[in-house]
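Notes follow once the structure below has been shown.
Read-outs: derived from the displayed coordinates by stated rules, not from any lab. As the structure is a computational prediction, the values presented were derived from the model and not from experiment. For neighbour counting, all protein chains shown are included, and Cβ atoms are generated from backbone atoms with ideal geometry for every residue, glycine included.
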Amino acid sequence: MITINGNAAPVNEIAARYTSGGIESSCVRALAQSGARYDYPSVNVLDFELAMRREIVNSAARLLRSGLRFEVFRDSYCNMRYWVRTMDGGFDLRPGAQPSAAVRDIYQNGTAYGTECATAMQIVYFGALIAVVGDAAFDRAFSGISLMNWHKLTRALAETGSMRQFPDYLAGDRRYFANPDVNLLTPEWQGENVIDMGDGSYYGHGVGRLSGGEIIANLNQNRRPASQRGAYLMQSAGRPDFVKLYQMFGR
Amino acid sequence: MNGGNTLGSFGMFGALDRHWHAHGATSLKRRFVNTVGENRQRAELLLQDDATSFPVIYILRDDIERLELTDSLTAREKYALYITAHKAGDKSRAALYEHNIADLDGVIRPTQDALSWMITTGADWDGPSAGRDDYDAAIDAAVAFFADRFDDPETMKIAAGLIFRRNRLGLNVHDLAWGFFLTAEPNALSYVAKHLLSDNPADVELTCKLMSFDDPVTKDGRRALYEEYLAWLTEHRPYLYATAEHFNSTSKPYSVRHDREAKFLRREIEPRGRTPKKPLTDLEYQQLLAHRANREDITHDND
């Protein structure tokens, strides 16, 4: 159920503004049909969340096509024109570089970059924000960016690092496939951070766009000998605080 | 080799290690190759010296393989080079060692001796590329294997120290910390928590991140938190289990939790499998069912 400021939302009216079968309309439908109550301070905030979810999915698809390589942090690399590789394998925005241009370069010159799956999730969020709020607003908000795993996370996206249970899982959610019996020689297979693409598939950096079963099969191939526990999709998600982001960008 | 007619250890270091410390890696390799040419048996004994360290074997491994001395290595040295080759993705190199160290079922299970040796003799060096090579990756793997299977507090203390030393240097600690927290052994956890009391802000910050503490900011506050944590460990010791949560999945990992049901029953659990060490009695099982029925939230088991 969707409410706006405590009142039932005009769901049909909202859904009609979006392409049938698209990310936004399917999210509106899922929220409206849920047994849980989703309250928004305004329709604009709901629209912002829907736009962000659409662009998270689009950014994940673009990142998949970018040629971004999978590398463990020890072997990570980046385009030094825009980024500085830190000694722990993360990437810091190069002083003087334009934040939106630096993020866009990852999508356009993906083969110049290699990193782990958690970093890719942050690149997806930044790409989505640029698409929704534009270069100028993005550059004002993110004068410094550090890309790594959930250990280093900008405050604006802090909530994406916390996995929480939700009544419903939607397109654009960050999910996690855990591999509890991972082979200790390959800790990079301890789990896969993914974006829910809204069509039953998930984008995970390194594995590509696959069904949940296919991702689990990939992880299961990297378990320790005689493992008794298979990989599984955790019943939780990491979500940006869309209201906070909406307010942050003064929309 | 200087002082070379003695093959035993001198204090902490063997002859090969002393040469490395005094003259560097290039000189060590040259001297070792010369020794093989002059007296192969003597070279074999140098490799087998109890006081020879993992870094020295790592530095000499190209020469050891080229000069066909792999069969002269000790079992722990073979394990170490197997892990190192595997971490480098070099399967043909790993194959040089695996036929010697696999168990009867074909599975390689590094021994406590091998892992402890890698960690204790290898923790003070970061490899030739200071954190960007297969040496420190092998150390990370050794810590993971060790934490996953063994409980020697002294080795874990060294591993904990390595996490913080690397962090102070700005090097990557993630795989190392992930491996370390495969244990739920209270002494090992307390070694990490003790860094709350460090004068180095980087130590305190990392401790808080690794253990999901909110930094109390003041020294007194940190000491109080540390003592509170030790008390929590003592109270929950029999019920602790490792979750393997890490920064790959969350920004606030709870690497160790306690099993509330085990605590309710006062039954010790296996920290690595979260199963009771002894099967429950029928009475305990009935008590557990009643306990579950009385609890609204049986899944939230984190303190």
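Of the peptides B:51-58, A:20-27, the order by per-residue mean of other Cβ atoms within 10 Å, starting with the highest, comes out as B:51-58, A:20-27.
Helix B:75-87 sits at what angle to the longest principal axis of chain B, using alpha carbons and giving 0 to 90 degrees rounded to 10? Roughly 80 degrees, rounded to the nearest 10. Footprinting exposure proxy ranking of A:Cys78, B:Cys208, A:Cys117, fewest other C-beta atoms within 10 angstrom first, gives B:Cys208, A:Cys117, A:Cys78. Taking amide H positions as modeled 1.01 Å from N, with prolines and chain starts lacking one, the residues under 5 Å from A:Trp83 and 5 or more places away or on another chain are A:Arg94. Classification of the range B:79-157 by its C-alpha gyration tensor yields an oblate form. The axis ratio a/c (a ≥ b ≥ c) is 1.5 or more, and b/c is at least a/b.
Between the helical axis of B:219-236 and the longest alpha-carbon principal axis of chain B there is an angle of about 80 degrees. State whether chain A is rounded, prolate or oblate according to the following rule on the C-alpha gyration tensor (a ≥ b ≥ c being the square roots of its eigenvalues): a/c under 1.5 gives rounded; otherwise a/b larger than b/c gives prolate, and the remaining case gives oblate. Verdict is oblate for chain A.
What percentage of all Cα-Cα pairs in chain B are separated by more than 34 Å? Write down the numbers at each step before the final one.
Numbers: 15526 of 45753 pairs.
Counting pairs separated by more than 34 Å, the tail of P(r) holds 34 percent.
Each helix, a run of at least 4 DSSP H residues, gives -39500 (n - 2.57); summed and divided by the residues of chain B, these come to -18000 deg cm²/dmol at 222 nm. Tell me the net charge near B:Phe213. Cut-off is 12 Å between Cβ atoms, B:Phe213 excluded, with +1 for each Lys or Arg and -1 for each Asp or Glu. With Lys, Arg at +1 and Asp, Glu at -1, the net is -1. Just how large is the dipole of chain B about the Cα centre, in debye to the nearest 20, putting +1 at every Lys and Arg Cβ and -1 at every Asp and Glu Cβ? Once rounded to the nearest 20, the dipole reads 220 debye. Quick one: Debye curve from the C-alpha atoms of the range A:25-97, no solvent, what's log10 I(q)/I(0) at q = 0.18, 0.23, 0.24 Å⁻¹? Treating every Cα as an identical point scatterer, log10 I(q)/I(0) equals -0.83, -1.03, -1.09. Translational diffusion coefficient of the range A:145-241 (Stokes-Einstein, Kirkwood radius from Cα pairs, 37 °C, 0.692 mPa s): 233 µm²/s.
Which whole-angstrom value gives the distance between the alpha carbon centres of the range B:48-69 and the range B:105-162? So the two Cα centres are separated by 17 Å. Computed on the Cα atoms alone, the convex hull of the range B:152-257 gives a volume of 91 cubic angstrom per residue.
Looking at chain A, do any whole DSSP H helices span at least 27 angstrom along their long axis by alpha carbon and average 0.0 or above on Kyte-Doolittle, and which? Mind dumping the intermediate values first?
Details: long enough: A:43-65 (33 Å, 0.27).
Membrane-span-like by this rule: A:43-65.
Look at the stretch B:215-227: the mean tally of other chain Cβ atoms within 10 Å of its residues' Cβ atoms is 0.
Shape class for the range B:228-300, computed from the alpha carbon gyration tensor (a ≥ b ≥ c): prolate, with a/c not under 1.5 and a/b above b/c. For chain A, a simple Cβ point-charge model (Lys and Arg +1, Asp and Glu -1, everything else neutral) yields a dipole of about 220 debye relative to the Cα centre. Judged by the mean number of other Cβ atoms found within 10 Å, the most tightly packed of the peptides B:112-124, B:271-283 leads the ranking B:112-124, B:271-283.
As a proxy for reagent exposure, B:Val204, B:Val33, B:Val217 were ordered by neighbouring Cβ count within 10 angstrom, fewest first; the result is B:Val217, B:Val33, B:Val204. For chain B, the longest principal axis of the C-alpha atoms and the axis of helix B:112-122 are separated by about 70°.
Residue ranges B:134-143, B:240-249 sort as B:134-143, B:240-249 when ordered by packing (mean number of other C-beta atoms within 10 Å per residue, highest first).
Any lysines with Cα under 16 Å of the B:Lys78 Cα? List them, leaving off those in the same chain fewer than 8 positions away. Output for B:Lys78: B:Lys87, B:Lys91.
For the range B:37-171, what percent of Cα pairs sit more than 27 Å apart?
Numbers: 1615 of 9045 pairs.
Here the long-distance tail beyond 27 Å is 18 percent of all Cα pairs in the range B:37-171.
The mean sequence distance of close C-alpha pairs (under 8 Å, at least 6 residues apart), as a share of the length of the range A:175-251, puts its relative contact order at 36 percent.
Kindly give Rg over Rh for the protein assembly as shown, based on alpha-carbon atoms, with the Kirkwood expression for the hydrodynamic radius. Can you show the working numbers first?
Numbers: Rg = 26.3 Å, Rh = 25.9 Å.
Using only Cα positions, Rg/Rh for the protein assembly as shown is 1.01.
Computed about the Cα centre, the dipole magnitude for the protein assembly as shown is approximately 780 debye when only Lys and Arg (+1) and Asp and Glu (-1) carry charge, each at its Cβ.
Could you line up B:Met211, A:Met1 from fewest to most neighbouring Cβ atoms inside 10 Å?
A:Met1, B:Met211
Counting only DSSP beta bridges whose two residues both lie in chain A, roughly 85 percent are antiparallel.
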